[in-house]
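Report on the structure given below.
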Amino acid sequence: CKMNSKLVRLVVAGLVLWFDSMYLVLAGEIPVQILVGLKESVCTNCDKITEKVGINPSGFSPNVFDVPFDEGADVKVKLHKKCIVKVDEKATAESKKLTYSLKEKSGNASCGNGKFVTHLGGCGACSSLHDLATYDAIDLTNIAGQCAFAALIGTPPPTPAPASFPGLLSLLGLGPLPQGLLLLQGNVRAGDPAFLAQLENFLPSAFAFTRGCLMQQIAAQGFSLTPGCADVWAWNQLNSGLKCGFDCVLTFQLNVLPNDPIVFPPPAGTFPKDIFEAGSYCSTCKNTFDGGEPVCDAQASNITSFFPTVEKSPYYLNDCFQCDECIAFPYFLRYGGRSRRNSGLASLINRPPNQVAEIDHVYGLPIV
């Protein structure tokens with residue numbers, strides 16, 4: 001079917017809203033004096049932790065996020081572990097920089113004696129305190145999303161950024177918006193071998209562009225991510241865009257907030273219902289954590305599973321956010337380790353109280 005130029009403009013506006021809004025954050029929760037100490041901290045084994053989860057600690061890891069639409073994947077995220085910071089007091093005193101190592105402990109392990117919980121779940125490529133400082137100071141999802149947006153559809157990237165990239169829609173011959181994005185999402189979800197083989201040819205360059213754009217944007221604000229963590233963010237945003245992008249465009253074009261259900265029919269002149277079927281990813285999500293725990297848990301029984309299926313609940317996530325949580329978020333945890341919620345950093349998404357960890361990010365640093 002043909003769609004007019006007004007509809008194309010609406011799709012572009014929706015994409016910008018999606019990437020600006022996915023995981024709306026409340027930055028600046030950690031006191032500034034602590035933030036400086038975290039930013040300058042030294043981790044003695046983070047490279048080994050990063051390598052252990054399958055990420056290149058020097059950056060530019062191969063694609064670790066599965067491209068096919070995930071159905072029934074079991075993702076190992078070590079829900080019942082804690083990622084612990086062990087401060088090296090002698091090295092800290094000598095270098096005048098917080099020096100530490102990371103170690104996983106069982107969920108009921110006690111701390112003290114220079115040991116601090118930095119996030120719940122297993123450690124990963126984003127578990128360093130340096131990355132924690134950047135999580136707190138910067139809206140990473142907004143920045144990474146804008147860069148991935150440019151990689152998907154070839155629009156001018158945010159400034160500063162690497163040289164422009166033609167976009168996956170163009171490279172794959174899928175046509176312009178909005179049909180091109182709909183075809184991209186549909187073909188990825190269908191898992192057509194020929195299409196996925198073609199897509200794999202272009203993913204390394206799309207990833208390199210997204211990653212370079214992300215790093216330059218963060219550096220412009222005076223922060224950085226460790227190289228492996230930058231890989232996780234770049235791959236995750238591309239993964240989410242490939243599998244959920246069209247759903248999210250429509251969600252935000254209809255001005256639906258993360259915790260509000262999508263109501264049809266849409267306003268006149270926006271999008272026909274037949275190109276976006278409202279449904280609950282939570283009720284159909286077959287992915288699990290750690291050998292059987294559901295990614296979507298109607299009882300919100302752990303820090304990672306998302307909730308719920310009932311639209312009238314204040315914690316309901318609409319289809320865009322459910323898609324991202326079901327399909328992309330498990331892999332983000334698997335490789336990155338640290339998320340905002342498991343680090344105790346709140347967002348503007350309304351979540352059940354037990355879904356945001358209670359963690360004081362002090363690590364023995366003085367508060368003056």
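The values are calculated or read from the model by the stated rules, or taken from the named source; none is laboratory data. For clarity, every value in this text was computed on a predicted model and none was experimentally measured. Ideal geometry is used to build each Cβ from the backbone, glycine not excepted, and the neighbour counts take in all protein chains shown. Just the protein is used for accessible areas: all its heavy atoms, side chains included, with ligands, DNA and RNA removed. Shrake-Rupley method; radii C 1.70, N 1.55, O 1.52, S 1.80 Å.
For the stretch 193-205, the condition of being open to solvent by 40 Å² or more (accessible area, probe 1.4 Å) and closer than 25 Å to residue 47 by Cβ holds for at least one residue.
Just give me the residues in the stretch 44-98 being assigned to a helix (DSSP H, G or I) and either at positive phi or open to solvent by 80 Å² or more (accessible area, probe 1.4 Å) (or both), in sequence order. Correct list: 47, 48, 51, 52, 89, 90, 94. For the stretch 167-187, the count of residues that are under 20 Å from the mean Cα position of the chain (by Cα), open to solvent by 40 Å² or more (accessible area, probe 1.4 Å) and not small (Gly, Ala, Ser) is zero.
Test residue 363 against the stated conditions and say whether it is open to solvent by less than 60 Å² (accessible area, probe 1.4 Å), assigned to a helix (DSSP H, G or I) and at pLDDT 90 or above. It is false that residue 363 is open to solvent by less than 60 Å² (accessible area, probe 1.4 Å), assigned to a helix (DSSP H, G or I) and at pLDDT 90 or above.
Reported count of residues in the stretch 155-191, each being at negative phi and either modelled with pLDDT of 90 or more or not in a loop (DSSP other than H, G, I, E, B) (or both), is 19. Residue 218 satisfies every condition listed in (1) part of a helix (DSSP H, G or I); (2) out of contact with any helix residue (DSSP H, G or I) (no Cβ under 8 Å at 6 or more places or on another chain) except (2). Across the stretch 312-341, what is the total count of residues that are part of a loop (DSSP other than H, G, I, E, B) and over 20 Å from residue 61 (Cα atoms)? Matching residues across the stretch 312-341 total 8.
Checking each residue in the stretch 170-181 for being in contact (Cβ under 8 Å) with a residue 60 or more places away in the chain and in contact with a Leu (Cβ under 9 Å, 6 or more places away or on another chain) picks out 176, 177, 178, 181.
Within the stretch 158-169, residues that are under 14 Å from residue 215 (Cβ atoms) reach partners that are in a loop (DSSP other than H, G, I, E, B) and open to solvent by 40 Å² or more (accessible area, probe 1.4 Å) with beta carbons closer than 7 Å, at six or more positions or on different chains, in the pairs 160/220. Only one of these is at pLDDT below 95, of a type in the set (Ser, Thr, Tyr), crowded, with 18+ Cβ neighbours inside 10 Å and part of a helix (DSSP H, G or I): 134, 141. Name it. Just one listed residue meets the conditions, 141. Of the listed requirements (1) out of contact with any Leu (no Cβ under 9 Å at 6 or more places or on another chain); (2) modelled with pLDDT under 80; (3) among the small types (Gly, Ala, Ser); (4) surrounded by fewer than 17 Cβ atoms within 10 Å (Cβ to Cβ), residue 346 misses just one: (1).
Does at least one position in the stretch 107-115 carry a residue that is touching a Ser or Thr at 6+ places or on another chain (Cβ under 6 Å) and open to solvent by 30 Å² or more (accessible area, probe 1.4 Å)? No: the stretch 107-115 contains no residue that is touching a Ser or Thr at 6+ places or on another chain (Cβ under 6 Å) and open to solvent by 30 Å² or more (accessible area, probe 1.4 Å).
Look at (1) open to solvent by 40 Å² or more (accessible area, probe 1.4 Å); (2) in contact with a Leu (Cβ under 8 Å, 6 or more places away or on another chain); (3) touching a residue at least 40 places away in the same chain (Cβ under 8 Å) and you find that residue 123 fails only one, number (1). The set of residues from the stretch 65-92 being modelled with pLDDT of 85 or more and among the β-branched types (Val, Ile, Thr) comprises 75, 77, 84, 85, 87, 92.
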